[in-house]
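First comes the structure, then the notes that go with it.
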Amino acid sequence: MAKLGVTICGIHFANPVMPAAGPPGKDGAMCQAAARGGAGGIVTKTISVQPAEVPRPCMAEIQGGFLNTELWSELPKEQWLETEYKLAKDTGLPLLIGLGYTAEQIRQLAPLVKPYADALELSTHYVGNDISPIIEALQAAKQAVDVPVFMKMSPHPNIQEIAKAVENAGADGLVMINSFGPCFGIDIETGLPLMGSKEGYGWLSGAALKPLALRCIYDAARVVNIPIIGVGGITSGRDVAEMFMAGASAVQVCTEAILKGPAIYGKIVRELEAFLGSHGYETVEEIRGLTLRKMTESARQTSMAAPVVDPQKCTLCGRCEVSCAYSAISRDEHLKIDPQKCFGCGLCISRCRPRALRMP
Ligand SMILES: Cc1cc2nc3c(=O)[nH]c(=O)nc-3n(C[C@H](O)[C@H](O)[C@H](O)COP(=O)(O)O)c2cc1C
């Protein structure tokens, strides 16, 4: 059995999968459900000095992803302080408390949550892409508490610059990324936007976000030495492996936990364990930064040769054949790839469900 425990900034997590700030940590009861579902840590929904006035509708499943316009917690900070954080703390799991947004707001909030927090997670979501207000919020938190402070990054266009700046300003870790937007979706029955926000805008999360999250993590991991918690589009243990390979030290899950319920954390953990075991890894730590190492080890050799077929795994389903733009794939009793016609585009490998194709 591969070892799944990770230690980040001195905090030990029995496994690296936790809820992300959002509905999966929207109150103490949800935090307790996450713990029962197998999470290795708890993250509470971002609170600010005032409860959010959330426009509705505020969540919609869309093809390949999810839109939301939830802002931050609609519960007043007093309720969190009196009730919800205690319930979250009772899980016995490491507790990351989400706070937002400006330095002034953080100065008010951080001392209040100090008795409960194993770490703070500050959101940069409504602070913008300028570095100064982000750094000021971080410094306000660092002055108020002595626990690690993680910066929850939006998919800022200048992600490396901001990541480096927050590391230099004393951030203990990064959490990346928040949802992407603004985006837009329409209910074609009514003609109205899916989201009830003023402009009808929403923020994209779920599976569609994963490539952007991976790129941001990969970019940040190349310029900082502080740990990164990966979040964005995780639906399976294989996704967690990808996040680790890009440089993450743990992960968070929001949309998939909303859609499937809190048992998803344990399922993802078991899938991660199975992936590691089947690939001969003894610890999850072994794959952290694997892609970064491979990309820098030597000049990268890319292959333009035709993929290799494993006939034991191939089910002759034809998914590869139908989408081969070069007409290089045919089937009789075996799958055949014509090396003269194959362009080496790799699409068939990514579409093969039984994973019967690989680069040579
Ligand atoms: C409905 C909803 C509410 C969210 N609320 C917060 C929040 O309060 N604070 C925060 O930092 N991120 C919030 N997020 C962003 C998530 O924590 C996460 O970064 C993002 O959804 C990407 O992860 P996912 O693809 O696993 O959902 C929210 C996301 C959703 C879908």
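Here are a few things to note about the model shown:
- For the range 200-216, taking the residues that are more than 9 Å from the ligand (Cβ to nearest atom) and over 22 Å from Y126 (Cβ atoms), the one that is surrounded by the fewest Cβ atoms within 10 Å (Cβ to Cβ) is identified as P211.
- Residue that is farthest from the ligand (Cβ to nearest atom) [pool: residues in the range 245-257 that are under 18 Å from A39 (Cβ atoms), over 9 Å from the mean Cα position of the chain (by Cα) and of a type outside the set (G, A, S)]: E256
- The lone exception for A169 - which of (1) within 16 Å of the ligand (Cβ to nearest atom); (2) touching a helix residue (DSSP H, G or I) at 6+ places or on another chain (Cβ under 9 Å) it fails: (1)
- Looking only at the range 130-188, residues that are hydrophobic (A, V, I, L, M, F, W, C) and open to solvent by 10 Å² or more (accessible area, probe 1.4 Å) come to 12 in all.
- Boolean, P155 is within 16 Å of the ligand (Cβ to nearest atom) and touching a helix residue (DSSP H, G or I) at 6+ places or on another chain (Cβ under 6 Å): yes
- Hey, L214 of a type outside the set (K, R), touching a Gly at 6+ places or on another chain (Cβ under 7 Å) and within 22 Å of I264 (Cα to Cα) or not: no
- Whichever residue in the range 63-75 is open to solvent by less than 50 Å² (accessible area, probe 1.4 Å) and out of contact with any helix residue (DSSP H, G or I) (no Cβ under 6 Å at 6 or more places or on another chain) and, among such residues, is farthest from V253 (Cα to Cα): L75
- Filtered residues of the range 258-267 (kept if within 11 Å of the ligand (Cβ to nearest atom) and within 23 Å of M1 (Cα to Cα)): I264
- Meets criteria (within 12 Å of the ligand (Cβ to nearest atom), of a type outside the set (D, E, K, R) and within 18 Å of the chain's Cα centre (by Cα)) for P57: no
- Screening the range 82-115 for residues that are within 14 Å of D27 (Cβ to Cβ) and open to solvent by less than 40 Å² (accessible area, probe 1.4 Å) and picking the one that is nearest to the ligand (Cβ to nearest atom) gives G98.
- Residue ranges of strands (runs of 3 or more DSSP E) in the range 231-340 with at least 3 members in contact with a helix residue (DSSP H, G or I) (Cβ under 7 Å, 6 or more places away or on another chain) and on the phi < 0 side of the Ramachandran plot: 329-331
- Count of the range 12-56 residues, restricted to those that are surrounded by 19 or more Cβ atoms within 10 Å (Cβ to Cβ), hydrophobic (A, V, I, L, M, F, W, C) and over 22 Å from G202 (Cβ atoms), is 9.
- Residue within the range 222-244 that is more than 9 Å from the ligand (Cβ to nearest atom), within 26 Å of H279 (Cβ to Cβ) and either of a type in the set (S, T, N, Q) or touching a Cys at 6+ places or on another chain (Cβ under 7 Å) (or both) present: yes
- Qualifying residue in the range 223-243 (condition: over 14 Å from the mean Cα position of the chain (by Cα), modelled with pLDDT of 95 or more, open to solvent by 30 Å² or more (accessible area, probe 1.4 Å) and over 24 Å from M18 (Cβ atoms)): yes
The values are calculated or read from the model by the stated rules, or taken from the named source; none is laboratory data. Fair warning: this is a prediction, and the values are worked out from it, not measured in the lab. Positions of Cβ are backbone-derived with ideal geometry, glycine not excepted, and every protein chain shown enters the neighbour counts. In case anyone asks, the SASA skips ligands and DNA or RNA and just uses the protein heavy atoms, side chains included. Shrake-Rupley method; radii C 1.70, N 1.55, O 1.52, S 1.80 Å.
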